[in-house]
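For reference, the structure is listed below as structure tokens.
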Amino acid sequence: MVIKVKNLVKEFDSLKAVDDISFEVKKGEIFGLLGPNGAGKTTTIRMLTGIFKPAQGNAYIGKYDIQKNPIEAKQLMGIVPEMANAYIDLSAFKNLLLMGELYGIEKEKRIRKAENLLKLFQLYEKRNQKVRTFSKGMKQRVILAMALMNDSKILFLDEPTSGLDVESARLIKNLIRKFNEKGVTILLTTHNIEEANQLCDRVAIMDHGKIIAIDRPAKLKHAIQGTSSIEVAFKEPVNKDLLKFKGVTEVKKIGDKFKLYTEKPEDIIPILVNHSQKTKNKIISLNTFGPSLEDVFVKLTKGRKK
Ligand SMILES: Nc1ncnc2c1ncn2[C@@H]1O[C@H](COP(=O)(O)OP(=O)(O)OP(=O)(O)O)[C@@H](O)[C@H]1O
Ligand SMILES: [Mg+2]
């Protein structure tokens with residue numbers, strides 16, 4: 001066990017931002033805290049990295065209690081905070097060197113390390129340029145590289161891809177996977193369900209300070225089996241209500257497509273084809289899906305008290 005969280009609570013006045021959560025992260029895992037804005041993800045990370053003192057509970061990083069042995073615990077971690085920033089008036093290279101100096105890495109070694117990271121993060125060409133001139137995606141890469149100067153075995157990433165375009169987010173996700181393959185354990189937060197699905201070995205779904213489910217994405221999806229869906233698009237517009245066939249629990253309009261929720265897609269497909277022939281309205285695409293992590297999320301968080 002690399003991270004162990006037991007009954008953590010954090011209150012701000014009368015608000016329980018984190019309300020008695022417990023979980024463990026195993027060595028080598030990518031573990032995700034998934035939840036909407038205000039769920040308590042950042043507050044959790046801040047307690048685990050020694051910024052906030054919990055009102056109750058304990059957190060262990062490796063064998064160290066973050067409250068009793070903060071220095072030892074912090075030496076094991078690399079952190080990318082929610083509002084992370086590099087020094088914008090320094091170059092990318094200088095930022096990394098400065099980080100290396102803070103960690104007490106000797107000069108030759110920190111230069112070599114910084115150069116390697118800059119290459120890996122596709123920043124080497126621009127290494128001497130001030131971070132001020134960097135795009136958001138490039139800045140985020142500098143910040144991630146800074147967190148890795150210490151050869152940290154445990155990385156805390158608070159919304160590592162938030163606000164990035166598809167390409168920059170993909171690059172960051174690939175780097176996260178790459179470091180994970182090298183043996184780095186990663187705890188990240190996200191409100192992006194698909195990202196959690198793609199990256200995480202296990203996910204804890206957080207809502208209003210509580211963990212309401214915790215498992216592998218595939219298992220979470222399995223748990224709500226029965227909500228398979230068929231996505232269909234017709235050539236001509238269709239009245240949504242006409243698609244609520246027997247055996248279809250819900251119909252949603254999604255862009256130019258309709259999503260039909262059902263327990264038995266195999267029974268509904270022939271009905272759809274029949275409908276298309278009868279109304280002389282061609283089906284231009286049809287896909288079936290198992291339950292998505294989004295379905296799980298909606299199902300678990302729906303109707304919970306605010
Ligand atoms: N320093 C603070 N003082 C008072 N309230 C706070 C403080 N930090 C967080 N909160 C409150 O605690 C709750 C959880 O906030 P937190 O930042 O942990 O959520 P989050 O899951 O990280 O959300 P987001 O996805 O928006 O980053 C929110 O209601 C927030 O307003
Ligand atoms: Mg946050």
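Would you check which residues across the stretch 3-14 are modelled with pLDDT under 95 and more than 8 Å from ligand 1 (Cβ to nearest atom) and list them? Can you show your working first?
In the first step, residues of the stretch 3-14 are kept if they are modelled with pLDDT under 95; the result is 13-14.
Across the stretch 3-14, the qualifying residue is only SER14.
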Counting only strands (runs of 3 or more DSSP E) entirely within the stretch 1-113, those with at least 1 residues that are within 16 Å of ligand 2 (Cβ to nearest atom) are 3-12, 15-25, 30-34, 77-80
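Answer yes or no as to whether ARG132 is in the same structural domain as HIS191 (by TED's automatic domain parsing), more than 16 Å from ligand 2 (Cβ to nearest atom) and outside any loop (DSSP other than H, G, I, E, B). Walk me through it before giving the result.
On the way: in the same structural domain as HIS191 (by TED's automatic domain parsing): no; more than 16 Å from ligand 2 (Cβ to nearest atom): yes; outside any loop (DSSP other than H, G, I, E, B): yes.
Answer is no for this residue.
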Determine which single condition PHE52 fails, assuming it passes every other condition in (1) near ligand 1 (Cβ under 9 Å from one of its atoms); (2) under 21 Å from LEU220 (Cβ atoms). (2)
Identity of the residue in the stretch 135-163, of a type in the set (D, E, K, R) and part of a loop (DSSP other than H, G, I, E, B), that ends up nearest to LEU97 (Cα to Cα): ASP151
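Just give me the residues in the stretch 251-296 being touching a residue at least 60 places away in the same chain (Cβ under 8 Å) and in contact with a strand residue (DSSP E or B) (Cβ under 6 Å, 6 or more places away or on another chain), in sequence order.
Residues satisfying the conditions are THR288, PHE289, GLY290.
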Among the residues in the stretch 105-119, are any buried (at least 19 other Cβ atoms within 10 Å of the Cβ), basic (Lys, Arg) and over 26 Å from the mean Cα position of the chain (by Cα)? yes
Test for GLY137: is it crowded, with 16+ Cβ neighbours inside 10 Å and not acidic (Asp, Glu): yes
Being hydroxyl-bearing (Ser, Thr, Tyr) and under 17 Å from the mean Cα position of the chain (by Cα) is the filter; apply it to the stretch 15-44 and report the residue that is farthest from ligand 1 (Cβ to nearest atom). THR44
Of all residues in the stretch 158-192 being away from ligand 2 (no atom under 12 Å from the Cβ), among the aliphatic types (A, V, I, L, M) and under 17 Å from LYS41 (Cβ atoms), the one that is nearest to the chain's Cα centre (by Cα): LEU187
Within the stretch 60-74, can you find the residues that are surrounded by fewer than 22 Cβ atoms within 10 Å (Cβ to Cβ) and touching a residue at least 40 places away in the same chain (Cβ under 8 Å)? TYR60, GLY62
Of all residues in the stretch 62-116 being of a type in the set (Phe, Trp, Tyr) and modelled with pLDDT of 95 or more, the one that is nearest to PHE134 (Cα to Cα): PHE93
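What strands (runs of 3 or more DSSP E) lie completely within the stretch 192-306 and have 2 or more residues being surrounded by 16 or more Cβ atoms within 10 Å (Cβ to Cβ)?
Of the strands (runs of 3 or more DSSP E) lying wholly inside the stretch 192-306, those with at least 2 residues that are surrounded by 16 or more Cβ atoms within 10 Å (Cβ to Cβ) span 202-207, 210-215, 228-234, 248-254, 257-262.
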I'd like the residue in the stretch 164-191 that is assigned to a strand (DSSP E or B) and not hydroxyl-bearing (Ser, Thr, Tyr) and, out of all such residues, is surrounded by the most Cβ atoms within 10 Å (Cβ to Cβ). LEU187
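The values are calculated or read from the model by the stated rules, or taken from the named source; none is laboratory data. The shown structure was predicted, so the numbers you read here are calculated from the model rather than taken from an experiment. Using ideal geometry, Cβ is built from the backbone for each residue, glycine included, and neighbour counts are taken over all protein chains shown.
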